[in-house]
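Participant: The structure follows.
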Amino acid sequence: MAPSTPLLTVRGSEGLYMVNGPPHFTESTVFPRVNIISVTNKGLLHSFDLPKAVCLEFSPKNTVLVTWQPYTTSKDGTAGIPNLQLYDVKTGTRLKSFIQKKLQNWCPSWSEDETLCARNVNNEVHFFENNNFNTIVSKLHLQKINDFVLSPGPQPYKVAVYVPGSKGAPSFVRLYQYPNFAGPHAALANKSFFKADKVTMLWNKKATAVLVIASTDVDKTGASYYGEQTLHYIATNGESAVVQLPKNGPIYDVVWNSSSTEFCAVYGFMPAKATIFNLKCDPVFDFGTGPRNAAYYSPHGHILVLAGFGNLRGQMEVWDVKNYKLISKPVASDSTYFAWCPDGEHILTATCAPRLRVNNGYKIWHYTGSVLHKYDVPSNAELWQVSWQPFLDGIFPAKTITYQAVPSEVPNEEPKVATAYRPPALRNKPITNSKLEARSDKSPDLAPTPAPQSTPRNTVSQSISGDPEIDKKIKNLKKKLKAIEQLKEQAATGKQLEKNQLEKIQKETALLQELEDLELGI
């Protein structure tokens with residue numbers, strides 16, 4: 001029997017408290033509110049004298065607390081004291097102290113069962129077992145290791161390591177199986193590539209393959225303000241490939257399905273494309289283009305949400321990825337956070353500070369687009385964090401997908417996205433019937449939005465500031481932004497832009513901020 005919906009943890013200027021999930025949404029009385037300002041000793045396990053600690057992290061099973069303080073040396077130049085501390089949560093005793101100078105990758109990485117722990121130290125990855133940090137059980141040594149990621153799941157454990165290129169040599173990512181690191185043929189797979197100032201490595205759930213997003217800080221061709229990204233696939237059986245993305249532009253998001261057999265990429269100049277690929281890196285389904293920069297598979301992998309957050313309007317597309325049917329198109333304006341509920345039915349969106357300090361609050365949605373619960377933080381308060389109670393995989397069974405919006409007593413005040421009329425027989429169906437369901441870039445269902453935005457704006461077409469000079473500035477800014485959108489669309493079709501046109505595109509962020517400041521002052 002499945003448990004009730006997980007609790008919701010809410011943290012903000014009003015305190016830290018728990019909320020019961022659907023269908024009640026009442027504050028939990030089992031966990032009383034904790035006033036963050038006036039801290040009491042009730043339920044206090046341990047207290048640590050770490051006044052300069054800036055980072056805290058728990059191990060996967062909450063048995064070890066890790067803290068990091070900025071590293072400092074003494075005035076005479078001698079080495080400073082260890083600034084990375086590991087504590088036993090149950091007893092409060094300090095298990096080990098290390099020197100960790102950089103904030104990047106400061107926290108050790110654990111396997112999910114905490115049998116294995118690893119940290120990067122001077123071109124080596126040091127491995128510890130069973131939380132015994134006094135003995136280094138194994139070492140993986142490669143010159144200039146920059147990053148590593150442990151695989152999810154049970155043994156055998158695997159590790160992906162990244163070494164940046166230097167002096168004309170390419171960067172590379174290698175996969176190993178713990179603890180087989182020695183010898184020229186120890187690596188399970190190797191993928192080298194140029195054009196990589198940094199990488200993001202993403203294991204699939206079954207630990208059979210890694211997706212690597214390689215990024216440069218600057219696009220030397222001048223085509224992109226965001227730098228240049230490429231997507232690579234590496235499997236533990238030795239296979240590797242470059243994932244061919246059929247539209248130029250940034251890679252906004254890449255996410256594995258929980259089945260580990262497919263992944264979704266969101267990429268290309270706005271309006272961005274979204275495509276599902278199989279393990280051969282062949283496209284399986286093309287969602288066409290739209291105002292989106294993020295993708296989220298449900299815990300069971302049968303529903304996919306494509307969303308446009310940040311400087312976009314918050315439009316979401318909820319897809320049944322077994323049948324490739326569009327379920328709903330809700331809008332969650334100004335969202336800074338998104339999370340699937342572990343039950344695979346409900347969605348959490350939130351607007352949190354400090355990303356946005358106005359209109360803070362959160363909403364609980366059903367995937368069919370209904371808002372089931374809404375909480376707005378008072379105007380003199382802030383919401384900092386909200387998250388679902390975690391559950392182990394398999395606790396909640398997958399349910400049959402429904403396309404009819406579930407009933408709700410909460411009115412949805414979000415603006416509806418205008419779509420072109422389609423006959424009832426063709427609704428919720430792809431436009432074509434080919435094996436690769438490629439939707440047109442001009443699909444009316446996924447039409448691009450006007451200039452992207454990250455905060456609420458005046459929705460009337462003409463400014464009512466009362467100041468002719470401000471009205472004129474707003475009009476000119478909108479005209480420039482419209483011209484930039486047209487240039488980006490031309491670039492997306494493969495047209496070679498002139499240098500001055502590329503420079504205009506690079507000014508988009510500054511223009512958006514200027515427009516936002518003017519309109520918020522109205």
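The values are calculated or read from the model by the stated rules, or taken from the named source; none is laboratory data. All values derive from a computational prediction rather than experimental measurement. Counting neighbours? That spans all protein chains shown, and the Cβs are built from the backbone with ideal geometry, glycine included.
Participant: Across segment 193-217, which residue is surrounded by the fewest Cβ atoms within 10 Å (Cβ to Cβ) among those that are more than 17 Å from the chain's Cα centre (by Cα) and closer than 22 Å to residue 267 by Cβ?
Facilitator: Out of the qualifying residues, it is 217.
Participant: Against the definition (free of Cβ contacts under 8 Å to residues at least 40 places away in the same chain and either crowded, with 20+ Cβ neighbours inside 10 Å or touching a His at 6+ places or on another chain (Cβ under 9 Å) (or both)), how does residue 274 come out, yes or no?
Facilitator: Taking the combined requirement at face value, the residue satisfies it.
Participant: Next question, about the same structure. Taking into account only those residues within segment 472-505 that are polar (S, T, N, Q) and exposed (fewer than 14 other Cβ atoms within 10 Å of the Cβ), which is nearest to residue 246 (Cα to Cα)?
Facilitator: 493
Participant: Do any residues in segment 58-81 that are under 20 Å from residue 109 (Cβ atoms) have Cβ atoms under 6 Å from those of residues that are hydroxyl-bearing (Ser, Thr, Tyr) and in a strand (DSSP E or B), where the two are at least six apart or on different chains, and which pairs are they?
Facilitator: 65/87
Participant: Can I ask one more? Given the condition under 20 Å from the mean Cα position of the chain (by Cα) and on the phi > 0 side of the Ramachandran plot, answer yes or no: does some residue in segment 332-343 qualify?
Facilitator: First, pick out the residues of segment 332-343 that are under 20 Å from the mean Cα position of the chain (by Cα): 332-343.
Now restrict to residues that are on the phi > 0 side of the Ramachandran plot: 334.
Yes: segment 332-343 contains one or more residues that are under 20 Å from the mean Cα position of the chain (by Cα) and on the phi > 0 side of the Ramachandran plot.
Participant: Restricting the search to segment 48-68, which residues are surrounded by 14 or more Cβ atoms within 10 Å (Cβ to Cβ), of a type in the set (A, V, I, L, M) and either touching a Cys at 6+ places or on another chain (Cβ under 9 Å) or in a strand (DSSP E or B) (or both)?
Facilitator: Across segment 48-68, the qualifying residues are 64, 65, 66.
Participant: Another question, if that's okay. Identify the residue in segment 279-330 that is more than 19 Å from residue 368 (Cβ to Cβ), among the polar types (S, T, N, Q) and surrounded by fewer than 23 Cβ atoms within 10 Å (Cβ to Cβ) and, among all such residues, is modelled with the lowest pLDDT.
Facilitator: That would be 311.
Participant: Something else about it: Given the criteria hydroxyl-bearing (Ser, Thr, Tyr), over 29 Å from residue 332 (Cα atoms) and at pLDDT below 70, does residue 459 qualify?
Facilitator: No, not satisfied.
Participant: How many residues are among the basic types (Lys, Arg) and within 16 Å of residue 180 (Cα to Cα) when one looks only at segment 136-165?
Facilitator: Residues that pass the stated criteria total 2.
Participant: Output the residues belonging to segment 132-151 that are modelled with pLDDT of 90 or more and assigned to a loop (DSSP other than H, G, I, E, B).
Facilitator: 132, 133, 134, 135, 136, 137, 151
Participant: Just name the residue that is farthest from residue 65 (Cα to Cα) out of those in segment 128-174 that are surrounded by 16 or more Cβ atoms within 10 Å (Cβ to Cβ) and touching a Pro at 6+ places or on another chain (Cβ under 7 Å).
Facilitator: Restricting to residues being surrounded by 16 or more Cβ atoms within 10 Å (Cβ to Cβ) and touching a Pro at 6+ places or on another chain (Cβ under 7 Å), the top hit is 171.
Participant: Let me ask something additional. Do you know which residues across segment 379-404 are over 24 Å from the mean Cα position of the chain (by Cα), over 19 Å from residue 305 (Cβ atoms) and without any contact (Cβ under 8 Å) to a residue 60 or more places away in the chain?
Facilitator: Listed by number, the residues that qualify are 379, 380.
Participant: Something else: Report, ordered by the first and then the second residue, all pairs with beta carbons closer than 6 Å, sequence separation of six or more or different chains, a first member in segment 184-204 that is farther than 22 Å from residue 255 by Cα, and a second member that is part of a strand (DSSP E or B) and among the basic types (Lys, Arg).
Facilitator: Pairs that qualify, where the first residue is farther than 22 Å from residue 255 by Cα and the partner is part of a strand (DSSP E or B) and among the basic types (Lys, Arg), are 187/174.
Yes or no, residue by residue, for (1) touching a Leu at 6+ places or on another chain (Cβ under 8 Å); (2) modelled with pLDDT of 90 or more:
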{"position": "187", "(1), (2)": "yes, yes"}
{"position": "191", "(1), (2)": "no, yes"}
{"position": "194", "(1), (2)": "no, no"}
{"position": "200", "(1), (2)": "no, yes"}
{"position": "215", "(1), (2)": "no, no"}
{"position": "219", "(1), (2)": "no, no"}
{"position": "223", "(1), (2)": "yes, no"}
{"position": "226", "(1), (2)": "no, no"}
{"position": "234", "(1), (2)": "yes, yes"}
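Participant: Quick check on segment 130-147: of everything there that is under 30 Å from the mean Cα position of the chain (by Cα) and of a type in the set (D, E, K, R), which residue is farthest from residue 59 (Cα to Cα)?
Facilitator: Applying the filter and picking the extreme gives 144.
Residues are listed down the side, and each one gets a yes or a no for (1) on the phi < 0 side of the Ramachandran plot; (2) modelled with pLDDT of 90 or more; (3) assigned to a loop (DSSP other than H, G, I, E, B); (4) of a type in the set (Phe, Trp, Tyr):
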position	(1), (2), (3), (4)
70	yes, no, yes, no
73	yes, no, yes, no
82	yes, no, yes, no
86	yes, yes, no, no
92	no, no, yes, no
97	yes, yes, no, no
105	no, no, yes, no
114	no, yes, yes, no
